[in-house]
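Student: Please find one structure pasted underneath; my questions will follow.
The values are calculated or read from the model by the stated rules, or taken from the named source; none is laboratory data. Everything quoted here is computed from the prediction, not taken from an experiment. Glycine gets a Cβ as well: all are built from the backbone with ideal geometry, and neighbour counts include every protein chain shown.
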Amino acid sequence: MNTVAELHCLCVNAGSSSLKLALYAVAPNGAERRLCEGSALEIGLPESAIEVGGQIEHRPLADHRAALEALLDALAPPRVDAIGHRVVHGGDHTRPERVTPQLLTRLEALTPLAPLHNPSALAGIRAVAAHLPDTPQVACFDTAFHATLPEVARTLPLARCYRELGLRRYGFHGLSYEYITRKLGVQAKGRVVVAHLGNGASLAALRDGRSVDTTMGLTPTGGVMMGTRSGDLDPGVLLYLMREAKLDAAALERAVNHEAGLLGVSDKSSDMAELLASDTHEARLAIALFAYEVRKAIGALAAALGGMDRMVFTGGIGEHAAPVRWAICRGLEHLGIELDAAANTAGAALISTPQSGCPVHVMATDEDAMIARHVYELLETADAK
């Protein structure tokens, strides 16, 4: 790669029935610019469509390869130098890696640990390989940021024979946490709790920018409740559902990943904005439970850190749902958190009062930009050898 020129990196985020593309120009100084973006929706379904520039066009999209071709045709990027993929579960991989047949084999083996996410990422990688076979591809892992978890934080209390199968706490949303850490700069020093709250939600305890604990564990189902995911449950709940409700593994997966969380409690929606606009008891309970679980998680992570020097809200809910931020932070005064009601309502960058012992920030995350940076740095390093 020519280090004096910009790298045009296509960032790919593949879901089970969706595909999101974002093209970035990354300069030698590390600065990145988003040039264009688009998404494909409901892939493989009759209502499939692409969305570019806010315009939705319904068209048949049989699979991820068809979706990729349709999006690239619509976006018409003048050039693509490299492709970066978000891969949710990277297992023991601790840094971005060039996509090779050997890497694909290892990622295939991780599918049981992330059955909702990794197959989609692999489909996206294969679609790109078919359409742009000579363009280098890089896999960026959401788990890699949490490779610094100490042994006590990553170990599950299971017998060794199960732990030797790779059952441990990995943590997720690492690309988001890494982006926030870089954005904080020198403010990342000390003890920081970051709450990435969206349809998927987790929190991380950072010490000097390094992950020392996080709420998600073996899979992205664990931790606090989410849009449609249950978060942590008493294992006895699953045993009960197996024995008494006769649920098999597929039904249990639907129950905890697609029918739980905000959707399950509210019996209405997984969308926080819709719930905030609702006046039903179930909607209010779902919001209150979400805030309660996040508040408890903050307390637990503060205990892991031995206190808190800074707090950050990010993600769709974290960035935009002021009432939820307020509900979460009420009761955290013992940790030095004191919100400014007006600043919080306005969605200011700093929502704590000047007297607050723990500054509280609201920051936009950009996982695609983090992917683009990783791709640039990996290819630049490879060329320098």
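Student: Any residue in region 243-264 that is surrounded by 10 or more Cβ atoms within 10 Å (Cβ to Cβ) sitting within a Cβ distance under 7 Å of a residue that is among the β-branched types (Val, Ile, Thr)? List the pairs, counting only those 6 or more apart or interchain.
Tutor: The qualifying pairs are Val256/Thr221; Asn257/Thr221; Asn257/Thr228; His258/Thr228; Glu259/Thr228; Ala260/Thr228; Gly261/Thr228; Leu263/Thr228.
Student: Suppose the filter is surrounded by 12 or more Cβ atoms within 10 Å (Cβ to Cβ), over 19 Å from the mean Cα position of the chain (by Cα) and more than 21 Å from Gly198 (Cβ to Cβ); does Leu239 pass it?
Tutor: It is false that Leu239 is surrounded by 12 or more Cβ atoms within 10 Å (Cβ to Cβ), over 19 Å from the mean Cα position of the chain (by Cα) and more than 21 Å from Gly198 (Cβ to Cβ).
Student: Counting just the residues of region 112-158 that are more than 17 Å from the chain's Cα centre (by Cα), modelled with pLDDT of 95 or more and part of a helix (DSSP H, G or I), which one comes out surrounded by the fewest Cβ atoms within 10 Å (Cβ to Cβ)?
Tutor: Glu151
Student: Give me the strands (runs of 3 or more DSSP E) completely within region 1-63, filtered to those with at least 2 residues that are closer than 18 Å to Val87 by Cβ and either in contact with a strand residue (DSSP E or B) (Cβ under 6 Å, 6 or more places away or on another chain) or touching a residue at least 40 places away in the same chain (Cβ under 8 Å) (or both), ordered by residue number.
Tutor: In region 1-63, the matching strands (runs of 3 or more DSSP E) lie at 7-14, 19-26.
Student: In region 139-162, which residues are out of contact with any strand residue (DSSP E or B) (no Cβ under 6 Å at 6 or more places or on another chain), over 19 Å from Arg95 (Cα atoms) and among the aliphatic types (A, V, I, L, M)?
Tutor: Within region 139-162, Val152, Leu156, Leu158, Ala159 qualify.
Student: Tell me, yes or no, whether region 174-184 has at least one residue that is at positive phi, of a type outside the set (S, T, N, Q), surrounded by 14 or more Cβ atoms within 10 Å (Cβ to Cβ) and in contact with a strand residue (DSSP E or B) (Cβ under 9 Å, 6 or more places away or on another chain).
Tutor: Within region 174-184, none of the residues are at positive phi, of a type outside the set (S, T, N, Q), surrounded by 14 or more Cβ atoms within 10 Å (Cβ to Cβ) and in contact with a strand residue (DSSP E or B) (Cβ under 9 Å, 6 or more places away or on another chain).
Student: Another question about this same structure. Identify, by number, the condition in (1) buried (at least 24 other Cβ atoms within 10 Å of the Cβ); (2) at positive phi that Gly209 doesn't meet.
Tutor: (1)
Student: Determine whether Ala114 is among the small types (Gly, Ala, Ser), within 16 Å of Cys11 (Cα to Cα) and in contact (Cβ under 8 Å) with a residue 40 or more places away in the chain.
Tutor: No: the conditions fail for Ala114.
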